[in-house]
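Where a number appears in this text, it was derived from the coordinates with a stated rule and is not lab data. Note that this is a predicted model, so its numbers are computed, not measured. Reconstructed Cβ throughout: ideal geometry from the backbone, glycine too, with neighbour counts over all protein chains shown.
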Amino acid sequence: MTPITTRKAQLERRLSQLQDRLSAIETELDSHDARDWEEMATEREGDEVLEGMGLSGQQEIRMIEAALQRIEAGEYGFCVKCGAEIGQERLDVVPFTPFCRECAV
């Protein structure tokens, strides 16, 4: 496997994991049927945490999808701002990053 093929597979796995997690969050948010105020308040607190996780997951999904598009276009691994090559160490930590270390600051 080429390094780019390996990276693409890594991004696709993460995308699948996030989509599964968001589906589970949506199911959980739709499952509440509390009858009293105390239970409703507790569920609402939990819902806020789940919604925050969902928003974070949605943002990461968008970033991964953009990285996959860059792979298809042959532009992956290069900074979208300055065009410099993004270091492999940086891509190992944040594989969907569109920016080199200097432009990310």
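Between residue 51 and residue 80, the modelled label-to-label distance comes to 2.8 nm, taking each label 7 Å out from Cα in the direction of the beta carbon. Karplus-derived 3J(HN,Hα) values for the range 96-105, using 6.51 cos²θ - 1.76 cosθ + 1.60 with θ = phi - 60°, are 9, 5, x, 10, 6, 4, 5, 7, 7, 6 Hz; glycine and proline are entered as x. Entry note, the chain: the mean residue ellipticity at 222 nm calculated from DSSP H runs of n ≥ 4, each adding -39500 (n - 2.57), is -24500 deg cm²/dmol after division by the residues and rounding to the nearest 500. May I ask you to work out the translational diffusion coefficient for the range 46-105 at 20 °C, viscosity 1.002 mPa s, via Stokes-Einstein with Rh from the Kirkwood sum over Cα pairs, reported in whole µm²/s? Translational diffusion coefficient: 172 µm²/s.
Does anyone have the angle between helix 3-30 and the longest principal axis of the chain? Alpha-carbon axes, 0 to 90°, nearest 10? That works out to roughly 10 degrees.
Once the Cα atoms are used to define both axes, helix 37-73 deviates from the longest principal axis of the chain by about 20 degrees.
Amide hydrogen proximity for residue 78: with H placed 1.01 Å from N in the peptide plane, the residues at 5 or more positions away or on another chain lying under 5 Å are 86.
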